[in-house]
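Down below is the structure, laid out as structure tokens.
The values are calculated or read from the model by the stated rules, or taken from the named source; none is laboratory data. Values in this document were obtained by computation on a predicted structure and should not be read as measured data. Reconstructed Cβ throughout: ideal geometry from the backbone, glycine too, with neighbour counts over all protein chains shown.
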Amino acid sequence: MRRIQSRVNVNSPEYQENLKANEVRLGEFHRRQNAARHERPQRDLDRLERQGKMLPRERLEMLLDPGTPFLELSTLAAGEHYDGDSPSASCITGIGIVCGREVLIHANDSTVKGGAWYPMTIKKIVRAMDIAIENHLPVIHLCDSAGGFLPLQSELFGDKYFAGRIFRNQAILSKMGCKQLSLVFGHCTAGGAYVPALSDYSVIVRGTGAVFLGGPPLVKAATGEEVTVEELGGADMHTSVSGTCDYPADTEEEAIAIGREIVAQWSKKKKWDAQQQAPEAPYYDPKELYGIIPANIKTQFDMMEVIARVVDGSRFHEYQPAYGKTLICGFAHIWGYKVGIIGNNGILFNDSSKKAAHFIQLCNQNKTPLVFLQNITGYMVGREYEREGITKDGAKMIMVQAGSEVPKFTIMTNGSYGAGNYGMCGRAFDSRFLFSWPNSEISVMGGEQAAKTLATIKTTQLEREGKTLSDEERAKIYSDVTDDYEHQSSAYYTSSLIWDDGIIDPADTRNALGMAIATAMNAPIEDPRYGVLRV
Amino acid sequence: MRYTFKIGEELVKVAPRSLADELILAIGEQDCRVVFDHGREGRCTLTLDGRSYESWVARDGDDIYLKMAGHYFKVTAIDPRAAAAGASAGAGAISAPMPGVVVEVLVAEGDIVVEGDKLLTIESMKLQSTVRAACDGVVGRIHVSEGSEFNKDDVLVEIESDD
């Protein structure tokens, strides 16, 4: 495969301007990430120490194989919600290696409101378990949660994808043969009690671990019975009397050691036999992406330069290099895995949409996973294009992409607006993993146009109510609407809503994709089958 | 499969085929039998038609340097795809890839430009892109100015080749 010839000039003023802007963005990203992971009020840390508990990340470090990577998901979930009261949505999820086996980790974070589940906590756990289902992964639950966060119970209980879905997913995973282990470090109350109960194996720590449908205060209120935590659902009761849990442990360290020994007994599943070769580092430095990603989101950049900094040896076999050139399609390797790459280099036209549909079919027939690099302002509009059938050509791309059976991976590199988000495998289209760059934006239409539309509606409404608006008032309405719209389009906001699996440093894209692809190979790739195409 | 190598200034076409431990290279009308033993640090033994030579090989990107029997050779494999990639679009009119509006005109008529120089910034469908010179030359007529709207295939600017 031929190496991509980069045209980037690292000494050019544009490169330097972009570099400056992206260094600021990265600084902000790392600051937020660090805060979500580590910054907690001192009283909460003191409480954990009094209880003799480890921090959730210390537990994780003890559990995972030394020196192996951990692909953490949605670190900035809930970051822009609940006034920041639920950093990382009060839990850690991700894919790590335990005793040489890829496992999905779901760990409660009891440094935040006793590990109570906010609505976003549940969304994040359900998403993590969906990942386990889609990729046939075993799951390890690190349980330490006070249960649902009561003040917001109407947003977390009762609907299809709310708390019940966690337990439904556990049952489905078990039915599929995906093993589950619960390490009970703290209380598992009410619904939370089902996490260890629905696991194949569970270890519970004496003194701090407890599992019950209702805690002592609830029991007293319900029946008048007075009972201690240990009697009601402690380690010894459950491991010697009820059989709800399997192994008692004296300390958290011991529980983790037992847990690792349990995982070591699990059969190692054979992975999908993917097309693979020895990995090769990119020829062009991935850190040069900081000088390529534009300072201004409206500025066009060459996606080929991004591909050159993601794929093995910067080598790329471009498919249809002369047709539908606003969309790049082609084959490459990422960490040795053969992939098909689809990247935007402009607006989607009739030809580029048809090219995408064809290329996706080629990859499905070849069982080649697909990587989508999104930077899309949409499908072309206008009379000429409608007459050429831009809507039905876009529909073809969506039909084939949605019907695709190969694992799909999406990176939000810059803008993602309107129907382009759909065609390029946005969140609704079941990418196995979707990651965003800190600079990226998602919205139903471009910020400026949307803000103009919204501001016009607002001013018209006020005028209809008989108010006369000065120019300053008009300008203020416009700037308020723009600020709101920009904020809600930002990667921090959409990642807070878990529209992705996390924000990543652009230079880490190759590593994140490498782990994601390796993870996806735990599930077989089915034969392709599509809906009806409007040809 | 046939390869083309550049050895010094000479282009040599070579068709290899393997036979047991030997490699038979068809070079022009002639067959040459080669055995290649890798040693350490670039040292190797090359046996050509039964005669052995102590040799040294070093690689630098796509170039291979070979020392053999007191002679130095620089060998470059010619990639048939590379020639196609090098061809540029040439001089002439640059027309609009899609309807849009001109954001900025970055050159004036008569300016000397080299391939890749920025000529115009245009905006279409919320995306700003740069129109660049496809070859070295002189800026001819500029058909648009800042703020002017254009349709697909409208000529934006002309470049006259300086050949």
Index of the failed condition, A:H317 passing every other in (1) in contact (Cβ under 8 Å) with a residue 60 or more places away in the chain; (2) farther than 30 Å from B:V103 by Cβ; (3) away from every other protein chain (no Cβ under 11 Å) = (3)
Can you find even one residue in the range A:337-348 that is surrounded by fewer than 24 Cβ atoms within 10 Å (Cβ to Cβ), at positive phi and not small (G, A, S)?
-> no
Residues of the range A:243-265 being exposed (fewer than 15 other Cβ atoms within 10 Å of the Cβ) and hydroxyl-bearing (S, T, Y), which ones?
-> A:T251
If we take the range B:65-160, then strands (runs of 3 or more DSSP E) inside it with 3 or more residues that are not assigned by TED's automatic domain parsing to the domain that holds B:Y53 are B:92-95, B:100-105, B:118-124, B:127-132, B:137-142
Selection from the range B:62-71 of residues exposed (fewer than 14 other Cβ atoms within 10 Å of the Cβ) and farther than 28 Å from A:R3 by Cα yields B:A69, B:G70, B:H71
Being within 16 Å of A:I504 (Cα to Cα) and of a type in the set (S, T, N, Q) is the filter; apply it to the range A:412-430 and report the residue that is nearest to the other protein chains (Cβ to nearest Cβ).
-> A:N414
Pick from the range A:359-406, criterion surrounded by 23 or more Cβ atoms within 10 Å (Cβ to Cβ) and within 14 Å of chain B (Cβ to nearest Cβ), ranking: modelled with the lowest pLDDT = A:T377
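Any residue at all in the range A:440-458 that's part of a loop (DSSP other than H, G, I, E, B), under 27 Å from A:P282 (Cα atoms) and under 24 Å from the mean Cα position of the chain (by Cα)?
So in the range A:440-458, the residues part of a loop (DSSP other than H, G, I, E, B) come out as A:440, A:444-446.
The next check asks that each one be under 27 Å from A:P282 (Cα atoms); those that pass are A:440.
Among the residues that remain, those that are also under 24 Å from the mean Cα position of the chain (by Cα) are: A:440.
Yes, the range A:440-458 contains a residue that is part of a loop (DSSP other than H, G, I, E, B), under 27 Å from A:P282 (Cα atoms) and under 24 Å from the mean Cα position of the chain (by Cα).
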Scan (1) of a type in the set (S, T, N, Q); (2) under 24 Å from B:R81 (Cα atoms); (3) within 12 Å of another protein chain (Cβ to nearest Cβ) for the single condition A:Q277 breaks and write down its number.
-> (3)
